[in-house]
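Asker: Before we start, here is the structure in question, set down as structure tokens.
The values are calculated or read from the model by the stated rules, or taken from the named source; none is laboratory data. Every value quoted in this text rests on a predicted model; they were computed, and no experiment measured them. Cβ placement follows ideal geometry from the backbone for every residue including glycine, while neighbour counts extend to all protein chains displayed.
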Amino acid sequence: MTSAQLKKTIRDIPDFPKKGIIFKDITTLLKDPKALKSSVDILAKAVAKAKPKYIVGIESRGFIFGTAVAYKLGLGFIPVRKKGKLPYKTTSVSYDLEYGTDTLEMHADALKKGDKVVVIDDLLATGGTVAAVAKLVGGSGAKIAGVAFVIELSFLNGRDKLKGLPVFSVLQY
Ligand code: AMP
């Protein structure tokens with residue numbers, strides 16, 4: 001599918017979860033078999049070039065695309081989850097939200113020094129989430145070969161928070 005065709009499968013929800021935000025609803029993309037296949041194929045093609053050992057996916061929509069890409073490329077998948085969800089020993093990172101802070105966790109033994117990973121999420125907005133995950137992954141001594149998204153909200157300049165990291169997105173707004 002072309003970018004224009006893919007964009008038609010994403011639904012804009014104004015004022016969700018709060019006033020002023022236009023939420024990019026990807027459930028309509030996921031429901032469309034051609035759009036799901038095409039978005040995963042485009043992501044996987046870009047990710048393959050970085051030759052990672054693992055895909056790190058960010059809860060929860062990063063799990064959908066991250067696992068599909070890992071499966072397609074024959075790689076392992078590592079989940080980064082919201083606080084309190086992972087059962088084994090974890091490392092964690094806290095980051096600022098517009099109001100308050102949030103914490104993300106990864107299993108302490110998930111990555112080893114020198115492991116090469118690509119981080120996947122559905123959408124890059126301000127870059128705060130993926131910058132925090134980069135810190136978490138970096139703390140384990142693993143190397144981030146790139147970060148990849150289905151959607152990039154370019155007007156929020158999220159790339160500026162990810163200096164030095166190769167960023168790939170399927171669709172830009
Ligand atoms: P950020 O940390 O600002 O880059 O936000 C990225 C995270 O928030 C991703 O996990 C997105 O799923 C979610 N997100 C932020 N803005 C939107 C939006 N306009 N539509 C859908 N999801 C969003």
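Asker: Look at region 55-97 and say how many of its residues are in contact with a Lys or Arg (Cβ under 8 Å, 6 or more places away or on another chain) and either polar (S, T, N, Q) or within 18 Å of ALA142 (Cα to Cα) (or both).
Answerer: So the answer is 4.
Asker: Something else: Do we find that PHE65 is over 23 Å from VAL118 (Cα atoms) and either at pLDDT 95 or above or in a helix (DSSP H, G or I) (or both) in this structure?
Answerer: no
Asker: A follow-up question, please. So, in region 1-36, exactly how many residues are away from the ligand (no atom under 15 Å from the Cβ) and within 17 Å of the chain's Cα centre (by Cα)?
Answerer: So the count comes out to 1.
Asker: Exactly one condition in (1) in contact (Cβ under 8 Å) with a residue 24 or more places away in the chain; (2) assigned to a strand (DSSP E or B); (3) farther than 30 Å from ASP109 by Cα; (4) among the hydrophobic types (A, V, I, L, M, F, W, C) is false for VAL56; which is it?
Answerer: (3)
Asker: Scan region 100-118 residue by residue and report those that are among the basic types (Lys, Arg) and under 17 Å from the mean Cα position of the chain (by Cα).
Answerer: Residue satisfying the conditions is LYS116 alone.
Asker: What pairs come out if I take residues in region 127-149 that are on the phi > 0 side of the Ramachandran plot and pair them with residues that are part of a helix (DSSP H, G or I) and surrounded by 20 or more Cβ atoms within 10 Å (Cβ to Cβ) whose C-beta lies under 6 Å away, six or more apart or interchain?
Answerer: Close Cβ pairs satisfying both conditions: GLY127/GLY158.
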